[in-house]
Structure formats: C-alpha cells, structure tokens
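The structure under discussion appears below in the form of structure tokens.
The values are calculated or read from the model by the stated rules, or taken from the named source; none is laboratory data. Worth saying up front: this structure is predicted, and the values here are computed from it rather than measured. Don't worry about glycine lacking a Cβ; one is built from the backbone with ideal geometry, like all the others, and counts go over all protein chains shown.
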Amino acid sequence: MIWKMATMAAGLALGLCVSGTASALSLSSPDVKSGGTVNDEQVFNSFGCTGKNISPALAWKGAPAGTKSFAITVYDPDAPTGSGFWHWQVFNISASAMGLPKNAGDPKANLLPAGAKQGRDDYGVVGWGGPCPPPGSKPHHYIFTVFALDVDHIDADANTTAAVIGFMLNAHALAKAKFTATYSRAK
C-alpha cells in the first residue's frame, strides 16, 4: 500500500513537472492577436473571400529541455465539415528557430527555416490557406498551435494528411502552446 501511494505521489509530481514545463512554452504573433480577429491580410483569396492569404509572423519561447524540433498548426474546429478544417501545418522546424516570418506559408517565398516542410491544407494546397468561413456563419475559431517535439523530424511530406501529421505531432510533443483568434464574413 505504501509503495502504491509513493508511486501515485511520484506520478503526480511528474505530472506537475511536465505540466509546469509545458506552460513555459508560449506562442504569439504581431499580426494576429490572441482573442482578436484575423486580419484581411491573412484571409484566403478564393472561395468568395478576397484576402491576401499571407501567413502571419509567429514567435515562440520557453521550449522545454530536450526539444529537438518544432511544428506549427492552424485549425478551425467550427468548419461545417464534420472534421474541422486544417489551414496550415509546418513541421521539421529546427530547434534553434524561435519563430516564422510573415508569409512563410507561401512556398514560393522560400521563407521557412532550412529543412522545414509544409503540409497540404484542406483547400488542397501546400502552405498557408487563410480563413474563409461560409458567409453569414458565426465567427469561426482559428487555433494556432506550436509543438515542441522530442524528435528532430517527423516522417511526413506534403502528401501526408493533416490527421496523420497531427497524430505524429501529438505522439512526440514535449509541450504545446496555442492561441485562438476568430473570423467571420457577412452574408
């Protein structure tokens, strides 16, 4: 019984330690504010939307010890698809990187850190695909997440589905940090 209680106490202490480490990781953007509205600059430019489709600059800090790479995802759980909508996945970002510049989501701009890869968004395009919810719908929530990973790369490419990439990221996450912004468009 004492051994069982000691094991439980050690597990709780470990959980607090891991939790404390995870809360040190933070994610921010000068272009999209946490709790704010996504700017027209980031909005998709198709499907009836007329934004500029420029990915926002992102910065993170506080990665836990043992971080070997980072990944970024942007996800809309409110999309009327039954499975949400993936707007961006960037993975195999070097552990020395502390952010991504504005427009890094455009593969032609060549702004990603060396070795980083982008997945295909749910528009079917590799790179950033900005918000474009149905007209007149309630504001959609766009969840920006940075993952600190315990591997230097995941075995994925532009043809790997977002669900599989998400599975690999969660399987190797040492810590995550996120913020949410909203966007809607009139009828």
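For this structure, a couple of remarks:
- Any hit, segment 117-128, residues being over 13 Å from the mean Cα position of the chain (by Cα) and of a type in the set (Asp, Glu): yes
- Complete set of residues in segment 121-175 that are out of contact with any helix residue (DSSP H, G or I) (no Cβ under 8 Å at 6 or more places or on another chain) and at positive phi: Gly124, Gly136
- Test: residue in segment 42-50 that is touching a strand residue (DSSP E or B) at 6+ places or on another chain (Cβ under 6 Å), surrounded by fewer than 22 Cβ atoms within 10 Å (Cβ to Cβ) and either of a type outside the set (S, T, N, Q) or in contact (Cβ under 8 Å) with a residue 24 or more places away in the chain (or both): no
Yes/no per residue for (1) closer than 17 Å to Pro56 by Cα; (2) aliphatic (A, V, I, L, M):
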residue	(1), (2)
His87	yes, no
Val90	yes, yes
Ala97	yes, yes
Pro107	yes, no
Val126	yes, yes
Phe144	yes, no
Leu149	no, yes
Gly166	no, no
Ser184	no, no
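The rows are residues; the columns are (1) within 21 Å of Ala148 (Cα to Cα); (2) within 17 Å of the chain's Cα centre (by Cα).
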{"position": "Gly35", "(1), (2)": "no, yes"}
{"position": "Val38", "(1), (2)": "no, yes"}
{"position": "Gln42", "(1), (2)": "no, yes"}
{"position": "Ser46", "(1), (2)": "no, no"}
{"position": "Ala59", "(1), (2)": "yes, yes"}
{"position": "Gly66", "(1), (2)": "yes, no"}
{"position": "Ser69", "(1), (2)": "yes, yes"}
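- In segment 177-187, the residues that are modelled with pLDDT under 95 and surrounded by fewer than 17 Cβ atoms within 10 Å (Cβ to Cβ): Ala186, Lys187
- Single residue of Gly62, Gly51, Gly20, Gly66 found to be out of contact with any His (no Cβ under 7 Å at 6 or more places or on another chain) and modelled with pLDDT under 95: Gly20
- Residue check for Leu174: closer than 14 Å to Ser55 by Cβ, surrounded by fewer than 22 Cβ atoms within 10 Å (Cβ to Cβ) and of a type in the set (A, V, I, L, M, F, W, C): no
- Qualifying position, being touching a Phe, Trp or Tyr at 6+ places or on another chain (Cβ under 6 Å) and modelled with pLDDT of 95 or more, among Ser26, Ser34: Ser34
- Yes/no for Ile154 being modelled with pLDDT of 95 or more, in contact with a strand residue (DSSP E or B) (Cβ under 9 Å, 6 or more places away or on another chain), in a helix (DSSP H, G or I) and surrounded by 14 or more Cβ atoms within 10 Å (Cβ to Cβ): no
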